[in-house]
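Everything below concerns the one structure shown next.
The values are calculated or read from the model by the stated rules, or taken from the named source; none is laboratory data. As the structure is a prediction and not an experimental result, all values here were calculated from the model. So basically every Cβ, Gly included, is an ideal-geometry build from the backbone, and we count neighbours across all protein chains shown.
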Amino acid sequence: MKVHRAVLSLCVPATMATAACVEPVDGEASLAAASEPLTTSEVIQKPSIASIDTARVWNWITVAGTRCGQSDAPTGIVVNRASTTAAPTGLVIYLSGGGACWNAATCLAGLAKNMDGFGPADWDAVQTTEEGTEPAPSYFSRNPGDPFENYDMVFVSYCTGDLHAGARSTLTTVSPPVVFAGNDNYKAMLAEVAKFYTPTLMKGKRVLLAGSSAGGFGATWHFERTVDTFNPSRPSITTPVDLLVDSAPPFGADVLTPTQYGMWNAAWKLGSVVYRPSVGIRHDAIFDNAVRTFSGSRFAVQTSVSDIPVRIFAGTGQPVENLEGGMLQEEIFQDGLANLYARMPTAANLNMFFVDGLGADESSDGVDYQTFHAFWQTSPANTDVRVSGTAYDGTLRHSDWVRGLLKVPGYSWADAIPSWL
């Protein structure tokens, strides 16, 4: 089984007492390995979004009050405006992935990337390496007809190892100590975004909040906060906010166990900063509540049917008998997807896209898309992201599904679930 870009040498505690390792595949770089920064920064650096004077290029903006896990230096956002003279057609806010850690074993194993900082030079490195963490060109490029051709884009950096959700709690069992500040970081970044993209400017337009991997968890965690930022007079909604969760399915307790959440909460203090305390800290509970509460928003979940990095992380909270090869058994993962799909079958504002092909022996680049991770964070061939037994098995493309999500005229939007699942 070939794994593309996302899974390499990961040695993590499979349970509280045992260890599991996944060895490197074909010499590809580790999910948790930081990109080599360039010696000089090439990205345009601006003090604010309002100061951006060139359209359709990326601009780095340092956000005061942010910090990375093992660095006091602030991090920031990267913004690409479709036009500097016209109001935006829409806005996509994309939360980057990059692993997670919650104890000495997982942090020392390097499961979270960029903990020592993420700045302009790191963004340059992302943009110049095939294996980087940039929004995938196949989804975020501006070629004629691309889903986000005329959207403004905001990339939210990630360097805290806490799924963008930690409450500045400190782990002192590693050196230097790790500060989990993801919750405050996103709040500061969102406030910076809202200085320019005000509720008045965005009225009548749509915002897509999206994230891959750790960013998918973070986007779910911060969804309601983002809705309230663009709709301060809620319950009146003048700027609908949609949510796309990539490679971070909101699994129930059969996959992401109470043990897992207990470890995360102990390290990151999620309960102290959760936006809706009555809903709790679980990803699935927050997601389900959002789908029920915000009927005017659209919710999308996409994942491969055997996503290896997610199976590795889910395995850390599972008993040993539920593991295979150091990760959650494929059957349990797929049962979890089936249960996720069955959990909200009548939600008109929710659709899912579960990729089960092409395999390594069929795809154009030799990649096994059944195990692929973070579709919007790498660059899979659009023709290879398929769902068997549906129109997306060669006739339609995944980008067509995204266009449907965005309500582009002429494109439909519905569940794409493998016929065998």
| field | Residue satisfying all of: in region 377-388; among the hydroxyl-bearing types (Ser, Thr, Tyr) and within 20 Å of ALA210 (Cα to Cα); surrounded by the fewest Cβ atoms within 10 Å (Cβ to Cβ) among these | value | SER379
| Which fully enclosed helices (runs of 4 or more DSSP H) of region 147-222 have 2 or more residues being without any contact (Cβ under 8 Å) to a residue 60 or more places away in the chain, more than 25 Å from ASP288 (Cα to Cα) and not acidic (Asp, Glu)? | 182-196, 199-202
| query | Considering only residues of region 394-421 that are touching a residue at least 40 places away in the same chain (Cβ under 8 Å) and touching a helix residue (DSSP H, G or I) at 6+ places or on another chain (Cβ under 7 Å), which is surrounded by the fewest Cβ atoms within 10 Å (Cβ to Cβ)? | reply | LEU421
| message | Take the conditions farther than 25 Å from ARG343 by Cα and over 21 Å from the mean Cα position of the chain (by Cα) and apply them to ALA266. Does it pass? | response | yes
| said: Condition first: part of a loop (DSSP other than H, G, I, E, B), among the aliphatic types (A, V, I, L, M) and closer than 25 Å to TYR151 by Cα. Can you find one or more residues in region 352-369 that meet it? | reply: no
| task | Select from region 388-421 the residues that are of a type in the set (Val, Ile, Thr), out of contact with any Gly (no Cβ under 9 Å at 6 or more places or on another chain) and assigned to a loop (DSSP other than H, G, I, E, B) and list them in ascending order. | result | THR390, THR395, VAL408
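Going through region 273-325 one residue at a time, which ones are among the charged types (D, E, K, R) and closer than 20 Å to HIS222 by Cβ?
From region 273-325, those among the charged types (D, E, K, R) are 276, 282, 284, 288, 292, 298, 307, 311, 321, 324; that's our starting set.
Answer for region 273-325, where residues must be among the charged types (D, E, K, R) and closer than 20 Å to HIS222 by Cβ: ARG276, ARG282, ASP284, ASP288, ARG292, ARG298.
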| said: I'd like the residue in region 370-387 that is assigned to a loop (DSSP other than H, G, I, E, B) and of a type in the set (S, T, N, Q) and, out of all such residues, is nearest to PRO309 (Cα to Cα). | reply: THR371
| query | What's the number of the condition PRO249 fails, among (1) buried (at least 20 other Cβ atoms within 10 Å of the Cβ); (2) of a type outside the set (Ser, Thr, Tyr); (3) out of contact with any strand residue (DSSP E or B) (no Cβ under 7 Å at 6 or more places or on another chain)? | reply | (3)
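ARG311: within 30 Å of SER157 (Cα to Cα), of a type in the set (Lys, Arg), crowded, with 24+ Cβ neighbours inside 10 Å and in contact with a helix residue (DSSP H, G or I) (Cβ under 7 Å, 6 or more places away or on another chain), yes or no?
yes
Name the one entry in ALA347, ALA391, ALA374 that is within 26 Å of HIS283 (Cβ to Cβ) and surrounded by fewer than 22 Cβ atoms within 10 Å (Cβ to Cβ).
None of the other options fit; the residue is ALA347.
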| message | If I filter region 96-117 for residues that are under 22 Å from VAL193 (Cβ atoms) and surrounded by fewer than 22 Cβ atoms within 10 Å (Cβ to Cβ), do I get at least one hit? | response | yes
| request: Assess whether ARG168 counts as being of a type in the set (Lys, Arg), under 30 Å from GLY271 (Cβ atoms) and at pLDDT 80 or above. | output: yes
| remark: Within region 198-234, of all residues that are small (Gly, Ala, Ser) and closer than 27 Å to SER83 by Cβ, the one surrounded by the most Cβ atoms within 10 Å (Cβ to Cβ) is GLY211
| field | Residue ranges of helices (runs of 4 or more DSSP H) in region 238-347 with at least 2 members without any contact (Cβ under 8 Å) to a residue 24 or more places away in the chain and of a type in the set (Phe, Trp, Tyr) | value | none
| query | For GLY366, all conditions in the list (1) on the phi < 0 side of the Ramachandran plot; (2) at pLDDT below 95 hold save one; what is the number of the exception? | reply | (1)
